[in-house]
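To keep things clear, I will list the structure first and then write my remarks on it.
The values are calculated or read from the model by the stated rules, or taken from the named source; none is laboratory data. All of these numbers come straight from a predicted model, not from anything done at the bench. In this analysis, Cβ positions are derived from the backbone assuming ideal geometry, glycine residues included, and neighbour counts consider all displayed protein chains.
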Amino acid sequence: MRRKILVLGGGPCGLSAAWELAGQGCDVTVIEKDNKVGGLCVTHEYKGFRFDLGGHRFISKNKALVDRVRGIMGDELLIANRKSVILHKGKGFSYPLTIEDILFRMDLRQNLKIGVSYTRSLFYRWFFRGKEVSLEDWLINRFGRTLYRIFFGPYTEKLWGISPGRISSDWAPQRISLLHLGDVVLRLLRLKRGFLRTYTDKFWYPKYGIGQMFDAISGEITQMGGKVILSATVVGITVSGDFVNGVTYLHGGVKKSMGCDAIISTIPLPELVKAFPVERAGHSVQCAEALGFRAIRFLNILVDMPDISENTWMYVSERRYIMTRIQEPKRRSPYNAPEGKTSIMLEIPCNEDDAIWICSQEQLLGQCVADLKELGIDIKGRIIDCFITGVTHGYPVYGLDYEAHRSEILRFLSSYKNIITCGRQGAFQYVFMDRAMEMGMEAAMGLTSNIEQGITNVEG
């Protein structure tokens, strides 16, 4: 008999899990709360312009994954070039930072401070080996306090909404490929090589936006007999003993139920816990409430200009500007804007229901256009139209005590033998898109290989 597997969440991780399960002949159903698949990797089309939710690229050392995606995308998967800068004090610094920029775009006094503070941090790391508790500790130890104050501290605080001193150092190794300033020197002198995302200047990207890739995967799932239910919100998990046996969800305003033999969940970890019966979840509910996510609003502007810049990403480190990143979608694919036109997308971190989250489109546009002009990008009078998109669970916030809460939740979930939680939201890990896809496939393979013996909980 075919095993019935429910996959909660239709983002990169969930769809990849369902893709693997459907290929193995399982009866798989994806339940996705939005009206289209892709999760954080969805693409919105408006008046012939395409905007992703943030800036995405497909790169991976996993040849099997790359070949599998290329197999379904064919010629629709393009190769794009990456060029990124940090905008600071009216200047553009290469991203990642280079020695040339530090030496020649800063004055002598700043360079002396950078050199002294970096040497001091290096000495401290070598001889004292203090424990790195916070992200602030991690960054200062690798770049020195001066560069931290100029670039990393302000940007990080704007991105997360809290001081880097209150963010766990666990976050850094997962997302910052550039380990220390010395690494910059070694690579500049060609004394160090190897694959690092931060240095990758080419990447795969679908012709019509990153969402096209996940639309294709969704199509593969349904073609192999799987199901994808959209606009469906999970509100309950039914259990029997130490097994989960079904899900309750809202669809079209109607509460529906579906039984299952196992679940792979990629929805936010706190939401998964709260879907369990209260008497079962116990203390895990309080732990779930202690785990937070940073929301993001994206201001998508259609522009009557052929080009704005040559950059894929423009990072904005200064606190006085509302956005953290500026992106021009046609730098990824020329098909993201009509011929002779371009667009610009501003990534604006915030908290759900704060002043930025609730402010009107008109207010946000006015502030951002003024900020852009100060940054050297004048689009006033060239705006065709704009619209706003957003996500509430953009970045998992690694507070100093996050791991204790996360571990308690995972211990609770591990008491059920047939549920796996994975992905950025599902495992509360700030992973890249390709790693999320791998996690989904690994969860599916682990599920099918162990299902007859009794499934063990897996978290990424």
Report task. State whether the residues of region 25-42 include one that is part of a helix (DSSP H, G or I) and either touching a Lys or Arg at 6+ places or on another chain (Cβ under 6 Å) or hydrophobic (A, V, I, L, M, F, W, C) (or both). Result -> yes
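Restricting to region 361-387, and then to whatever is in a helix (DSSP H, G or I) and in contact with a strand residue (DSSP E or B) (Cβ under 6 Å, 6 or more places away or on another chain), can you tell me which residue is surrounded by the fewest Cβ atoms within 10 Å (Cβ to Cβ)? Can you show your working first?
If we filter region 361-387 for residues that are in a helix (DSSP H, G or I), which is where we start, we get 361-374.
This time we only want the ones that are in contact with a strand residue (DSSP E or B) (Cβ under 6 Å, 6 or more places away or on another chain), so: 361, 364-365, 368.
Details: Gln361: 12, Leu364: 18, Leu365: 17, Cys368: 21.
In this case the residue turns out to be Gln361.
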Query - Options Asp201, Asp170, Asp137: the member that is acidic (Asp, Glu) and at pLDDT 90 or above - result: Asp137
Query - Which listed residue, of Ala337, Ala404, Ala355, Ala370, is hydrophobic (A, V, I, L, M, F, W, C) and closer than 30 Å to Phe243 by Cβ - result: Ala404
Query raised in the report: Which one is surrounded by the fewest Cβ atoms within 10 Å (Cβ to Cβ), of the residues in region 145-172 that are more than 24 Å from the chain's Cα centre (by Cα) and not hydroxyl-bearing (Ser, Thr, Tyr)?
Result: Arg149
Query raised in the report: From the residues in region 203-257 that are more than 23 Å from the chain's Cα centre (by Cα) and among the hydroxyl-bearing types (Ser, Thr, Tyr), which one is nearest to Val28 (Cα to Cα)?
Result: Thr222
Query raised in the report: Within region 440-457, restricting attention to residues that are in contact with a strand residue (DSSP E or B) (Cβ under 9 Å, 6 or more places away or on another chain) and closer than 22 Å to Ala64 by Cα, which residue is modelled with the lowest pLDDT?
Result: Thr448
Query - Of all residues in region 221-246 being outside any strand (DSSP E or B) and in contact with a helix residue (DSSP H, G or I) (Cβ under 9 Å, 6 or more places away or on another chain), the one that is surrounded by the most Cβ atoms within 10 Å (Cβ to Cβ) - result: Ile221
Query raised in the report: Can you list the strands (runs of 3 or more DSSP E) found entirely within region 58-144 that contain at least 1 residues being without any contact (Cβ under 8 Å) to a residue 12 or more places away in the chain and surrounded by 12 or more Cβ atoms within 10 Å (Cβ to Cβ)?
Result: 91-94
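What tally of residues in region 1-34 results from selecting those that are within 23 Å of Phe432 (Cα to Cα) and of a type in the set (S, T, N, Q)?
Initially, region 1-34 is screened for residues within 23 Å of Phe432 (Cα to Cα), giving 7-21, 30-34.
Now restrict to residues that are of a type in the set (S, T, N, Q): 16.
Summing the residues that are within 23 Å of Phe432 (Cα to Cα) and of a type in the set (S, T, N, Q) in region 1-34 gives 1.
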Report summary line: Of (1) under 24 Å from Lys91 (Cα atoms); (2) touching a residue at least 12 places away in the same chain (Cβ under 8 Å); (3) surrounded by fewer than 17 Cβ atoms within 10 Å (Cβ to Cβ), Ile344 fails just (3)
**Report entry** Residues that are farther than 23 Å from Gly252 by Cα and among the hydroxyl-bearing types (Ser, Thr, Tyr), drawn from region 14-42
**Finding:** Ser16
Query raised in the report: Filter region 24-57 for residues that are polar (S, T, N, Q) and out of contact with any Asp or Glu (no Cβ under 7 Å at 6 or more places or on another chain); which is surrounded by the fewest Cβ atoms within 10 Å (Cβ to Cβ)?
Result: Asn35
Query raised in the report: Scanning for something in contact (Cβ under 8 Å) with a residue 12 or more places away in the chain, in a helix (DSSP H, G or I) and either assigned by TED's automatic domain parsing to the domain that holds Leu159 or under 22 Å from the mean Cα position of the chain (by Cα) (or both), does region 409-418 turn up at least one residue?
Result: yes
